[in-house]
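Engineer: Before anything else, here's the structure in question.
FYI, it's all coordinate maths here, none of it is from the lab. Keep in mind it's a predicted model, so treat the numbers as computed, not measured. Neighbour counts are summed over all protein chains in view; Cβ atoms, including those assigned to glycine, are modelled from backbone coordinates with ideal geometry.
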């Protein structure tokens, strides 16, 4: 009586066919992306590994001191030292490299998209559900198609990370630009600013504090993808965590896990510090 | 004076299809009904006015009267739904993008109620913004901006951010930023409303001061009648998107077009608007020359008054002769010039009544209104001052009575 009628709408099949189609016909494109991405990761990774540990520690200390306070700087340096003492230095640098490239690409895509959304209501209406889907779709689901396009390793992890980490920077860029005070826009307009001048000289700088919050969110979300990314073969700390789950190795699991937390704290506090600093010198005058 | 801006039948309606609403308004449908029926807001309806070069033109009205909508039509932040605005004879509504950009960069600048400053730029960077987008080099624009920073008294604040300044200081930045573009026309949208009363008063005076030096055409929006009358050469009163009356402050007080204007101006301190020439009365009769002290005495007797003002042929004020002085002069065979007192209290025709009051109260004799060449324009009695301060409903009869009953002095012309 109460059974669902025997209808099957195979959206999943269609998506699969579409993915197949992409993989068959655009293989060259994905190969190209793969080469570029993997080379970049390797370069960043090698540079980081070639840098003496104490140099990195000092840089972290100085950033912490400048954007927070001297205690922050000391704390962050201590975190770095602890990570080194866990014998996870190389893995950490790999994770950092993956996050850096994911975040840079997210910003490169996300900021222009956010700007377009701020200017076009239609585009914004179309994009919103897509962004919702990107954030709520369980991350493992888009790991599957990604491994169709790329060999297992860091590159599919980066693509998955970008998909997951992109929405905050897009949303907050849009929000930041839309929320610029009307009178400020009017005054820029009343001086005869062109559209580009308006964007570059007024809207983006005014939106910057909000955008920084988005950048901070994006970075944190990218970091939280470290472990998930390792399921498609990403190296680094995530890989260590997965390994210790398989081995039921509590000691390694905790050390790798806490290292991710340390990275998260350092990155969060420093990006937040940058945002605060912008906010302080450029508080809204309205 | 030439016409700088001519506003012709300007209507601005907000909403998806504004043109369709125009017939409704023509039928006399109210703003409220139009909003309920069609979802359109009538900002300004059929505004007409001419603004002269170098004039400070105030548009006054309560909130929602359409004054801010109208001022934004002058630089096309709002594009009128219909009608034309001619600036120097060109219809700016028809401007294309390039022409509009040029117009905004060179000819017109705006000051905003909440300042509209760029909080991410320093005072200097705010002020030079207009020049920056015109593509001037850094040294060039800094030089020009520095001049205007000094004009508005912001020297020493160049490198501060707007949020580090007080409200009054921020609006100075707004004004300097507008002046830096050296526009012909300055639009000011309630620039002092957000400031506290003391600062507001100070800024008004400074604006008047700047205006005497620079002679811009200023369009100034306010909801404050006192402010409007203090700084406006002419005032337009708006209500519900309609322009109710355009005229000088005195016009609005003396001959209001309707009850709304009367209501609006009731609050006004008339002594700050009316000037000596508005309240003075003409000296009743002028006596011929060569008339000496005898004639003066006779004149005083005839009119039952105790003193007369003495002028020469050009009606330039020489002094005052009282009856005692005149009789004394006749006895001792002196001339008018020898007996009259020359320390007569005078007022300029354009002096405000409030500034005259103390002199009127202190003086035993009427105040003489004389122009720059010392010619007698009229006289002011205490009654004049009093009746001018009371509203205009019964003014006419008061004034006549006053003249008949109590003019105690007359003018006599000496050689």
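Engineer: Using a cut-off of under 17 Å, list every residue of the range A:198-224 whose amide N is near the label point 7 Å from the Cα of residue A:179 along the Cα-to-beta-carbon line.
Structural biologist: It comes to A:203-218, nothing else.
Engineer: Still on this model: Across the residues of B:106-117, average count of Cβ atoms on other protein chains within 10 Å?
Structural biologist: Counting Cβ atoms of other protein chains within 10 Å of each residue's Cβ and averaging gives 5.
Engineer: Per residue of chain B, what 222 nm ellipticity follows from adding -39500 (n - 2.57) for every DSSP H run with n ≥ 4, rounded to the nearest 500? Don't skip to the end; give the middle numbers.
Structural biologist: On the way: 19 runs with 165 residues, N = 415.
Per the formula, -11000 deg cm²/dmol.
Engineer: Could you give log10 I(q)/I(0) at q = 0.12 Å⁻¹ for chain B, computed by the Debye formula over C-alpha point scatterers of equal weight, without solvent?
Structural biologist: -0.99
Engineer: Okay, next question. Over chain B, what relative contact order in percent results from Cα pairs under 8 Å that are six or more residues apart?
Structural biologist: Dividing the mean separation by the residue count of chain B yields 16 percent.
Engineer: Where does the protein assembly as shown land on the Kirkwood hydrodynamic radius, alpha-carbon pairs, in angstrom?
Structural biologist: Result for the protein assembly as shown stands at 32.2 Å.
Engineer: Next up: Principal axes first, then extents: for the Cα atoms of the range A:56-161, list largest minus smallest coordinate on each axis, whole Å, largest first.
Structural biologist: Its Cα atoms span 48, 36, 20 Å along the three principal axes.
Engineer: What is chain A by shape, rounded, prolate or oblate, if you read a ≥ b ≥ c off the alpha carbon gyration tensor as root eigenvalues and call it rounded for a/c under 1.5, prolate for a/b larger than b/c, and oblate otherwise?
Structural biologist: Working: a/c = 1.90, a/b = 1.05, b/c = 1.82.
In terms of gyration-tensor shape, oblate.
Engineer: As an exercise, use a Förster radius of 45 Å and the Cβ-Cβ distance of residue B:314 and residue B:223 to find the FRET efficiency, rounded to the nearest 0.05.
Structural biologist: With a Förster radius of 45 Å, E is 0.45.
Engineer: In terms of the Cα gyration tensor, with a ≥ b ≥ c the square roots of its eigenvalues, is the range B:228-334 rounded because a/c is under 1.5, prolate because a/b exceeds b/c, or oblate?
Structural biologist: Prolate, since a/c reaches 1.5 and a/b exceeds b/c.
Engineer: Which residue, A:28, A:53, A:65, tops the fluctuation ranking in a GNM of chain A built on C-alpha contacts under 10 Å?
Structural biologist: A:28
Engineer: Turning to a different aspect of this structure: Rank these for me by crowding, B:134, B:313, going from fewest to most other beta carbons within 10 Å.
Structural biologist: Ranking B:134, B:313 by Cβ neighbours within 10 Å, fewest first, gives B:313, B:134.
Engineer: Using a Förster radius of 35 Å, what is the FRET efficiency between residue B:202 and residue B:19 based on their Cβ-Cβ separation? Nearest 0.05, please.
Structural biologist: The value I calculate is 0.15.
Engineer: Given springs between every Cα pair under 10 Å in a Gaussian network model of chain B, which of B:206, B:302, B:33 has the largest fluctuation?
Structural biologist: Largest GNM mean-square fluctuation: B:302.
Engineer: Helix B:197-214 against the longest principal axis of chain B: what's the angle in degrees, Cα atoms only, rounded to the nearest 10?
Structural biologist: For helix B:197-214, the angle is close to 90 degrees.
Engineer: Does the range A:179-249 come out rounded, prolate or oblate, given a ≥ b ≥ c as the square roots of the eigenvalues of its C-alpha gyration tensor, rounded meaning a/c under 1.5 and, failing that, prolate meaning a/b above b/c?
Structural biologist: Because a/c hits 1.5 or more and a/b exceeds b/c, the range A:179-249 counts as prolate.
Engineer: Now for a different question. Apply 1/(1 + (r/R0)^6) to the Cβ-Cβ distance of residue B:62 and residue B:355, taking R0 = 25 Å, and write down the FRET efficiency to the nearest 0.05.
Structural biologist: That pair, residue B:62 with residue B:355, gives E of 0.25.
Engineer: For the range B:1-78, just the Cα atoms, rotate onto the principal axes and tell me the three extents in Å, largest first.
Structural biologist: Sorted largest first, the three principal extents are 44, 23, 22 Å.
Engineer: Roughly how large, in nm² to one decimal, is the mean projection of the convex hull of the alpha-carbon atoms in the range A:124-185? Intermediate values should be presented prior to the final figure.
Structural biologist: Working: hull surface 21.1 nm².
Directional mean of the projected Cα hull area for the range A:124-185 stands at 5.3 nm².
Engineer: Then there is this: How much mean residue ellipticity at 222 nm does chain A get from its helices, if each DSSP H run of length 4 or more adds -39500 (n - 2.57) and you divide by all residues, to the nearest 500 deg cm²/dmol? Could the numbers behind the result be given before it?
Structural biologist: Working: 13 runs with 231 residues, N = 286.
Helices in chain A give a 222 nm mean residue ellipticity of -27500 deg cm²/dmol.
Engineer: Grab the Cα-Cα distance for residue B:150 and residue B:272, subtract it from 0.36 nm times how many residues apart they are, and report the gain in nm with one decimal.
Structural biologist: Value of the extension gain: 40.9 nm.
Engineer: While we're looking at this one, here's another question. Can you compute the modelled spin-label distance between residue A:38 and residue B:134, with each label point 7 Å from Cα toward Cβ, in nm?
Structural biologist: Simple spin-label model gives 5.8 nm for this pair.
Engineer: Compute the Rg to Rh ratio over the range B:89-245 from the alpha carbon atoms, using the Kirkwood formula for Rh, and round to two decimal places.
Structural biologist: 0.97
Engineer: What Rg and what Dmax come out for the range B:75-150 when only alpha-carbon atoms are used, in angstroms?
Structural biologist: 14.8, 43
Engineer: Still on this structure, I have one more. Test of understanding: extend the Cα→C-beta vector of residue A:144 to 7 Å, then name every residue of the range A:10-45 with backbone N under 20 Å from that spot.
Structural biologist: Residues A:10-25 fall inside that zone.
Engineer: Once all Cα-Cα distances of the range B:130-202 are split into 5 Å bins that start at 0, what whole-number percent is in each one?
Structural biologist: Answer for the range B:130-202: a P(r) of 3, 15, 24, 24, 20, 9, 3, 1 percent.
Engineer: Between 0 and 90 degrees, rounded to the nearest ten: what's the tilt of helix B:138-151 against the longest Cα principal axis of chain B?
Structural biologist: Approximately 30 degrees, to the nearest ten.
Engineer: Ranking B:86, B:352, A:14 by Cβ neighbours within 10 Å, fewest first, what do you get?
Structural biologist: Sorted ascending by nearby Cβ count, the order is A:14, B:86, B:352.
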